[in-house]
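Got a structure for you, written out below as C-alpha cells; questions coming shortly.
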Amino acid sequence: MEFNANLLLPEIFQFTIVLALFLYSVTKSPASGRNFSPLLPLAACAGLVAAGFSLGAGGLMFWGSYKVDGLSQFFKFAVALGFAIAVLNAASQPTLEPEKRADYFLLLSLSALGLMCLASAVELITIYLALELSSYSLYALIPLRGREPRAAEAGIKYILFGAAATALSLFGLAYILAGQHSSYLTALTARPWTWAEAPVGIIGLTLFMAGFFYKLALFPFHFWAPDVYDGASNETAAYAATLPKLGAVVILIRLAAMLKPGLQLTTVLAVLGAASMTFGNLAALTQQDIKRMLGYSSVAHAGYVMVGLVAASAGGLAAAGFYSLVYVLMNLTCFWVICRLSGDGRNLQLNDLNGLYRRAPFLAFVLAVAALALVGLPPTAGFMGKLFLLSAAWNRGYNWLVVVAALNTAISIYYYLNLIRHAYTVDADGDAAAPPPGGVLWGGVLAGLLLLLGALPAPVFRWAEAAGRQLMP
Amino acid sequence: MSEWPVLTVLIFFPVAACLVLPFIRGDRAVRVFSLGVGLLELLLALPLLRFDLSVSGYQFQEKAAWVPQWGLHYHLGMDGISLLMVLLTVLLLPLCVLCSWTYISRRVKEFHFSLMLMTSACVGVFLALDFVLFYIFWEAMLVPMFLLIAVWGGPERRYASLKFFLYTLAGSTLLLVAMVAFYLAGGTFSIPELSAASYPFGFQCWTFLAMAFAFAIKVPMFPFHTWLPAAHVEAPTAGSVLLASVLLKMGAYGFMRFCLPMTPAASVYFAPLMIAVSIASILYGGFVALGQRDMKKLIAYSSVAHMGFVTLGIFLFTLRGLEGALMVMLNHGITTGALFMLVGCIYERSHSREIGDNLGLGKYLPAYMGFFGLFALSSLGFPGTNSFVGEALVLIGAFAQNPWVGGAAVPGVMLGAAYMLRLGQKLAWGEPTQAKAWKDLNVREWVYFAPLAALVIYIGLAPGLTLRAMDPTLTRVLDEFRKRSAVAAVSPDATPPSTVQLATADMAPAPAGPTPNQPR
C-alpha cells in the first residue's frame, strides 16, 4: 500500500481537531474547565494554512481508491476555508446550550473531515463512506437549536430525505457494479455511457447521482432545503447551506468528467439544472423569511453549477469548481450578516433589515456586496463565476441553457435586491436595537474577498483550471 | 510608468475619493469635498487636450492582461465618440453636487458616495475596449442609480427604482449572452478585434437582436420606454440629470460601438424596423409630452422623442446621420440636464412640479426664466442653439436617404416646439399663484447654469470643433461598416439563412415530381 502522510496533511490536521474536541467533550465537564472557543477558530485557520500548503500535492493511495490531485486539493482548500468561516461564525451561538458546545463543534469538524475525504475519493464505495461520514454528523447538528420544535422537525426532515436519497444512491451503486463491473472511476471512465450500450449503467449512474443532487439541493431533490434552513439555527444553516454542496460538486465533477455532451445523461443534467434555477428563483420571489429565501436561492445556484458540469470540458469543470468556491464565500458572507443581526438567534424576516444602514452601516454594506454577488452582478466574484460558467457551456453548444441561466439572473435580481432595498431604503418602524459591533471586521474581510475575487479572479481560477485540466486532458 | 494613465485615473479617481468620504464629518464638509473631487476630476481630464483630432483610431490606450485563461484584458481607449461622452460625464459631476447642495438634506454622505460611483462607472463604460470590462461598468452603474432613486426619490420611489432596475437588468442579461456568443465566435473579448471580424448572417441577426434589446431599453426606444418617466419623476434632481444626460447615451453609444461594427449586415437588415421604432419614439414622446402637467414628466417624454432622433440618425448609415446622432446625444445631455436642474430649482421653492403651481415666474424670477427660455429654445431645436445642429443634421441625413423618413420625423420637431413653448409660456406669463414670495437665482445656481448655457450657445453657433472631434472616428466607423455590410449584403443571397435553405430544399424535387399545384 502506498501511504504518504504528507499528502494527507489537510485531512490529518482536520482529524486532529476532531480528536481534540472528542477528548475534550468526554473528559471535561462543561461547568468547570477552560473554554476552548478562542482556540478552535485559530486551529481552523491553521487548517486553512495546511490546506493551502498542500495545494500542489498529488498521488494515488489506498489501492487506487483515494486520489490526491489538483481537484481534490482545490476543494479541500475550499472546505477548510468554509470550515474556518463557519467556526468563526458559530463561535458564540445564542441558541446552543453551553454543555453541548463541544459536541456541536465535534460534529461540525467531523462533517468537514468527511467532505475533505469526499474530495479525494475516486472509488464508488469510498465515495459512499465519505458521504455518509459528512452526512451523519450533519443529521445530528440540525436539531441542536435550544428547545425549538421547528429544529426537531427540520432534523427529521433532513434525515428522512437524506436516508431516502442515500438508499437511491446505494441502489444505483449496485446497478453500476452489475452493469459496468467496476467501482473505480478510472475503470468506469473507459466504459461506454450511452443508453444503447449500457442501459443498466446509465440507470445506476443516474440513481447514484441522485444522492448528490440531494446534497446539492437540485430540483427535484430540493424539498428539504428551505425547511431545514428555516428550522436549523442560523449558524448551523450557514454550514449546511454551503459546505456539503462542495462535497456534492466535487463528486459530480468527477462523474461528469466521464460524460460527453450529447449523451442522454448530460441532457438530463442540463434539464434538471434549468428546472432547478427556474424553480428556485421563482419560489424565492415571494419569501419573507431570509433563510427560506436563501434556501430557494441555493436551489437556483445548484442549477447554475450544473451549467458548468454539463459543459464537461476542462474549462467547464474549472468554472463549476470556481463557482462553488465563490458560492460558499458569498453565502457565508450573507449568513455572517444574518447571524450578527439576529442577536437572540431567531429567524430574521426581511422587515428586520429595515434601516440597517443607520444601525450598522458596515454590515449593511457587507450584506449588499453579498447580495450583489449572489445575483452575479459585477464587480463581484459572483459575476466572474457566472461568466466562466456561461462561456464554458456555450462553448459546448448548450446555448439554450445559457439563455435560461441569463434570464434567471434577471428574475433573481428582484429578491436579492429586496435585501438591499430593506437595508438601505426603508427606515425602521420602531427603535430597532443596533447589533453588537463584534464581527464587523470578519464581515469586511469576507466582502473584501468577494470584491477582490471579482476584480482579480485569475490567481484562484488558475488552480481550478489546473484541476480541470488534470481531469480532462 | 512612461506615460500618465489618463483614462485609468479618470475612472478610478472618484472611486478613490469614495474611500476617503466615510472619514469626513459634517454635511457641509462632505459637499465641499465632493465639489472639490468634481473639479479635480475636471482638471484630471485636462490631459485629454492632447487628443489628436485627426486620428480616427483609439488614443490614450492602456492594455494589461487581466484573466489570461479567458483572454480578458484591462483595455481602455478613447476615440471621438467616447471623448465627447466622457467630457460630458465629467463636467456633470461638479454641477450635480452643486444642484443638490440644498436639495438633498438627509444622508448626504451616501448621496455623494453614489454620485461618485456613478461617475466612475459611466466614464468606464465609454472608455472600456474589452467587452467584459464594458459589461462590468455597465452593470456597476445600476446599483448607485437604484440607490439614488430609491433613497432620495419621491413618494413612488419604490416602484420607480425597482422598475428601473428590473427593466435594465433584463436587457443586460441578453447583452451578457451576446457577449459570450461573440467570445466563442471571435475568440476574444477585445472590442476592436471583435469589430474587425466577420460573422455569419444568422449569427449576426440574433446577436443584433439581443444587443439591440439591451440598448433599446437603455435609450429608451418606444415600446421599452415606460421605466423612464417613472424613474425621472421620482429621482432627485441630480439623479434625473445623470439619468438623462449620461445613462440614456449609453444605449445609443452601444448601438454605435457594438451593433454597427460587429453586426453590420444585421444592422442593415433590421434598419427599417429600427427607423420605424425611432420615428414612433419621436412622435409618441412628443404627443405624450404635450399632455403632461408634471414638468419632470414632460421633460422625460421629450427625452424619449430626442433619443428617437439619435437612433434614427444611427440607422441611416450616413455620415450626416451619425454626426447628427452624436450631436443630439451631446446636446440632449447638456440641454435636458439643465432643464432637469431648472425643475429641481423651482421645486425647492414651490415644493411642486405641477405646471399649475409654478405660474408667472417671468416677473418675479427673471434670471430663472431667462435660463429656462434659453434651454427650452435649445430643447425645441431653435436655430442658433446646440440642439438645432444635431436635429438638422439628422433630418438632412434622413431626407437624403429617403424623403418619407425625413418627412415622418419633421412633425416631431414641431411637437417639440409645441410642448416646450406651452410650458415656457405658462411658466413665464401665467397668473402667479405663489411666485411673488420667491427669490430669484442665487449665486450657486448661477454658477451651475452658466457653463451649460455657454455650451448651448457655443455649440449652437460654432459646432465646428465638436464636429471635427467626431468626424474622423465616425468616418472610420462608417467606412468599415460600408465595406463589411456590402460584403455581407451579398452573402445572404449566396448562403441564405437555414430556413430559406430548408424551404428551397423542400421545393427542389418539386419540378421533378408532379404536384397538384404545379401548372402542367
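Taking the conditions exactly as written (in a helix (DSSP H, G or I), over 20 Å from residue B:131 (Cα atoms), touching a helix residue (DSSP H, G or I) at 6+ places or on another chain (Cβ under 7 Å) and modelled with pLDDT of 85 or more), does residue A:363 satisfy them or not?
Working: in a helix (DSSP H, G or I): yes; over 20 Å from residue B:131 (Cα atoms): yes; touching a helix residue (DSSP H, G or I) at 6+ places or on another chain (Cβ under 7 Å): yes; modelled with pLDDT of 85 or more: yes.
So residue A:363 passes the test.
Continuing with this model, one more query. With respect to residue B:453, is the statement that it is under 21 Å from the mean Cα position of the chain (by Cα) and hydrophobic (A, V, I, L, M, F, W, C) true?
Working: under 21 Å from the mean Cα position of the chain (by Cα): yes; hydrophobic (A, V, I, L, M, F, W, C): yes.
For residue B:453, the condition - under 21 Å from the mean Cα position of the chain (by Cα) and hydrophobic (A, V, I, L, M, F, W, C) - is met.
Can you tell me which condition residue B:103 does not meet? The list is (1) under 30 Å from residue B:207 (Cβ atoms); (2) surrounded by fewer than 24 Cβ atoms within 10 Å (Cβ to Cβ), and all the others hold.
(1)
On the given criteria, is residue B:253 crowded, with 21+ Cβ neighbours inside 10 Å and outside any helix (DSSP H, G or I)?
Values: crowded, with 21+ Cβ neighbours inside 10 Å: yes; outside any helix (DSSP H, G or I): no.
It is false that residue B:253 is crowded, with 21+ Cβ neighbours inside 10 Å and outside any helix (DSSP H, G or I).
Which one of the conditions (1) in a helix (DSSP H, G or I); (2) surrounded by 24 or more Cβ atoms within 10 Å (Cβ to Cβ) does residue B:316 fail to meet, given that it meets all the rest?
(1)
Within the range B:34-72, restricting attention to residues that are without any contact (Cβ under 8 Å) to a residue 24 or more places away in the chain, more than 14 Å from chain A (Cβ to nearest Cβ) and part of a helix (DSSP H, G or I), which residue is surrounded by the most Cβ atoms within 10 Å (Cβ to Cβ)?
In this case the residue turns out to be B:36.
Moving on. Against the condition without any contact (Cβ under 8 Å) to a residue 60 or more places away in the chain, within 14 Å of chain A (Cβ to nearest Cβ) and crowded, with 21+ Cβ neighbours inside 10 Å, how does residue B:114 come out, does it pass?
Working: without any contact (Cβ under 8 Å) to a residue 60 or more places away in the chain: yes; within 14 Å of chain A (Cβ to nearest Cβ): yes; crowded, with 21+ Cβ neighbours inside 10 Å: yes.
The answer is yes for residue B:114.
Given the criterion in a helix (DSSP H, G or I) and either in contact with a Cys (Cβ under 9 Å, 6 or more places away or on another chain) or farther than 26 Å from residue B:420 by Cα (or both), identify the matching residue among B:247, B:330, B:322. Walk me through it before giving the result.
Values: B:330 fails: either in contact with a Cys (Cβ under 9 Å, 6 or more places away or on another chain) or farther than 26 Å from residue B:420 by Cα (or both); B:322 fails: either in contact with a Cys (Cβ under 9 Å, 6 or more places away or on another chain) or farther than 26 Å from residue B:420 by Cα (or both).
B:247 is the lone residue from the list that is in a helix (DSSP H, G or I) and either in contact with a Cys (Cβ under 9 Å, 6 or more places away or on another chain) or farther than 26 Å from residue B:420 by Cα (or both).
Is it true that residue B:184 is part of a helix (DSSP H, G or I) and either at the interface with another protein chain (Cβ under 8 Å from one of its Cβ atoms) or in contact with a Lys or Arg (Cβ under 8 Å, 6 or more places away or on another chain) (or both)? Break it down stepwise before answering.
Values: part of a helix (DSSP H, G or I): yes; either at the interface with another protein chain (Cβ under 8 Å from one of its Cβ atoms) or in contact with a Lys or Arg (Cβ under 8 Å, 6 or more places away or on another chain) (or both): yes.
Here the answer is yes, as residue B:184 does meet what is asked.
Still on this structure, please answer the following. Looking at A:373, A:360, A:381, which is the one that is out of contact with any Pro (no Cβ under 7 Å at 6 or more places or on another chain) and either more than 8 Å from chain B (Cβ to nearest Cβ) or small (Gly, Ala, Ser) (or both)?
Values: A:360 fails: out of contact with any Pro (no Cβ under 7 Å at 6 or more places or on another chain); A:381 fails: out of contact with any Pro (no Cβ under 7 Å at 6 or more places or on another chain).
After ruling out the rest, the residue left standing is A:373.
Scan the range A:226-255 for residues that are farther than 12 Å from residue A:151 by Cβ and of a type in the set (Ser, Thr, Tyr) and jot them down.
Matches in the range A:226-255: A:239, A:242.
Within the range B:187-202, which residues are within 12 Å of residue B:71 (Cβ to Cβ), more than 10 Å from chain A (Cβ to nearest Cβ) and not in a helix (DSSP H, G or I)?
Hits for the range B:187-202 are B:187, B:188, B:190.
Would you check if residue A:333 is polar (S, T, N, Q) and within 13 Å of chain B (Cβ to nearest Cβ)? Spell out how you get there, then give the answer.
Values: polar (S, T, N, Q): yes; within 13 Å of chain B (Cβ to nearest Cβ): no.
Answer is no for this residue.
Out of curiosity, is residue A:93 of a type outside the set (A, V, I, L, M), outside any helix (DSSP H, G or I) and in contact with a helix residue (DSSP H, G or I) (Cβ under 7 Å, 6 or more places away or on another chain)? Steps first, please.
Details: of a type outside the set (A, V, I, L, M): yes; outside any helix (DSSP H, G or I): yes; in contact with a helix residue (DSSP H, G or I) (Cβ under 7 Å, 6 or more places away or on another chain): yes.
Answer is yes for this residue.
Only one of A:214, A:158, A:175, A:139 is hydroxyl-bearing (Ser, Thr, Tyr) and either assigned to a strand (DSSP E or B) or without any contact (Cβ under 8 Å) to a residue 24 or more places away in the chain (or both); which?
Details: A:214 fails: either assigned to a strand (DSSP E or B) or without any contact (Cβ under 8 Å) to a residue 24 or more places away in the chain (or both); A:158 fails: either assigned to a strand (DSSP E or B) or without any contact (Cβ under 8 Å) to a residue 24 or more places away in the chain (or both); A:175 fails: either assigned to a strand (DSSP E or B) or without any contact (Cβ under 8 Å) to a residue 24 or more places away in the chain (or both).
The conditions single out A:139.
For residue B:189, are the conditions met, namely being buried (at least 24 other Cβ atoms within 10 Å of the Cβ) and either free of Cβ contacts under 8 Å to residues at least 24 places away in the same chain or more than 23 Å from the chain's Cα centre (by Cα) (or both)?
Yes.
Inspect the range B:232-241 for any residue being acidic (Asp, Glu), in a helix (DSSP H, G or I) and buried (at least 19 other Cβ atoms within 10 Å of the Cβ) and give the result as yes or no.
Start the filter on the range B:232-241 by keeping residues that are acidic (Asp, Glu), which leaves B:234.
Then drop every residue that is not in a helix (DSSP H, G or I), which leaves B:234.
Narrowing further to those that are buried (at least 19 other Cβ atoms within 10 Å of the Cβ): B:234.
Yes: the range B:232-241 contains one or more residues that are acidic (Asp, Glu), in a helix (DSSP H, G or I) and buried (at least 19 other Cβ atoms within 10 Å of the Cβ).
Name every residue in the range A:435-473 that is within 23 Å of residue A:336 (Cα to Cα), within 10 Å of chain B (Cβ to nearest Cβ) and surrounded by 17 or more Cβ atoms within 10 Å (Cβ to Cβ), in order of residue number.
Keep residues of the range A:435-473 that are within 23 Å of residue A:336 (Cα to Cα), which gives A:435-455, A:457, A:460.
Going one step further and asking which of them are within 10 Å of chain B (Cβ to nearest Cβ), we end up with A:454-455, A:457.
A:454, A:457, listed by residue number.
Let me ask something else about it. Filter the helices (runs of 4 or more DSSP H) completely within the range B:90-152 down to those with at least 2 residues that are over 24 Å from residue A:365 (Cα atoms).
Numbers: elements: B:108-127, B:131-140, B:142-152.
Ranges flagged: B:108-127, B:131-140.
Do we find a residue being more than 7 Å from every other protein chain (Cβ to nearest Cβ) and not in a helix (DSSP H, G or I) anywhere in the range A:404-417? Spell out the reasoning first.
At the first step, the residues of the range A:404-417 found to be more than 7 Å from every other protein chain (Cβ to nearest Cβ) are A:404-405, A:408, A:411-412, A:415-416.
With the extra rule that they be not in a helix (DSSP H, G or I), the set shrinks to none.
No: the range A:404-417 contains no residue that is more than 7 Å from every other protein chain (Cβ to nearest Cβ) and not in a helix (DSSP H, G or I).
Just to verify a result, which residue in the range B:122-177, among those that are under 20 Å from the mean Cα position of the chain (by Cα) and hydroxyl-bearing (Ser, Thr, Tyr), is nearest to the other protein chains (Cβ to nearest Cβ)?
Restricting to residues being under 20 Å from the mean Cα position of the chain (by Cα) and hydroxyl-bearing (Ser, Thr, Tyr), the top hit is B:173.
Table: residues versus (1) at pLDDT 85 or above; (2) surrounded by fewer than 22 Cβ atoms within 10 Å (Cβ to Cβ); (3) out of contact with any helix residue (DSSP H, G or I) (no Cβ under 8 Å at 6 or more places or on another chain).
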residue: A:367; (1), (2), (3): yes, no, no
residue: A:374; (1), (2), (3): yes, no, no
residue: A:380; (1), (2), (3): yes, no, no
residue: A:388; (1), (2), (3): yes, no, no
residue: A:398; (1), (2), (3): no, no, no
residue: A:404; (1), (2), (3): yes, yes, no
residue: A:408; (1), (2), (3): yes, no, no
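Right, here's the next one. Only one of A:347, A:351 is over 21 Å from residue A:276 (Cβ atoms), in contact (Cβ under 8 Å) with a residue 12 or more places away in the chain and more than 23 Å from the chain's Cα centre (by Cα). Can you tell me which?
Numbers: A:347 fails: more than 23 Å from the chain's Cα centre (by Cα).
Within the list A:347, A:351, the selection yields A:351.
Also, I was wondering about something else. If you take the residues in the range A:410-430 that are of a type in the set (A, V, I, L, M) and surrounded by 20 or more Cβ atoms within 10 Å (Cβ to Cβ), which one is farthest from residue A:316 (Cα to Cα)?
Residues of the range A:410-430 of a type in the set (A, V, I, L, M): A:410-411, A:413, A:417, A:419-420, A:423, A:426, A:428.
The next check asks that each one be surrounded by 20 or more Cβ atoms within 10 Å (Cβ to Cβ); those that pass are A:410-411, A:413, A:417, A:419-420, A:423.
On the way: A:410: 22, A:411: 24, A:413: 24, A:417: 28, A:419: 31, A:420: 31, A:423: 36 Å.
Of everything passing the filter in the range A:410-430, A:423 is farthest from residue A:316 (Cα to Cα).
Can you name the number of the only condition in (1) more than 18 Å from residue A:276 (Cα to Cα); (2) crowded, with 23+ Cβ neighbours inside 10 Å that residue A:166 fails?
Tallying (1) more than 18 Å from residue A:276 (Cα to Cα); (2) crowded, with 23+ Cβ neighbours inside 10 Å, residue A:166 fails exactly one: (2).
Oh, and also: Can residue A:196 be described as within 14 Å of residue A:255 (Cα to Cα), loosely packed, with under 15 Cβ neighbours inside 10 Å and out of contact with any Leu (no Cβ under 8 Å at 6 or more places or on another chain)? Spell out how you get there, then give the answer.
Details: within 14 Å of residue A:255 (Cα to Cα): no; loosely packed, with under 15 Cβ neighbours inside 10 Å: yes; out of contact with any Leu (no Cβ under 8 Å at 6 or more places or on another chain): yes.
In short, no.
Is there a residue being modelled with pLDDT of 80 or more, of a type outside the set (Phe, Trp, Tyr), farther than 28 Å from residue A:254 by Cβ and buried (at least 16 other Cβ atoms within 10 Å of the Cβ) anywhere in the range A:51-68?
Checked against the condition, which is being modelled with pLDDT of 80 or more, of a type outside the set (Phe, Trp, Tyr), farther than 28 Å from residue A:254 by Cβ and buried (at least 16 other Cβ atoms within 10 Å of the Cβ), the range A:51-68 yields no hits at all.
The values are calculated or read from the model by the stated rules, or taken from the named source; none is laboratory data. All figures in this text were calculated on a predicted structure; none of them were measured in a lab. Positions of Cβ are backbone-derived with ideal geometry, glycine not excepted, and every protein chain shown enters the neighbour counts.
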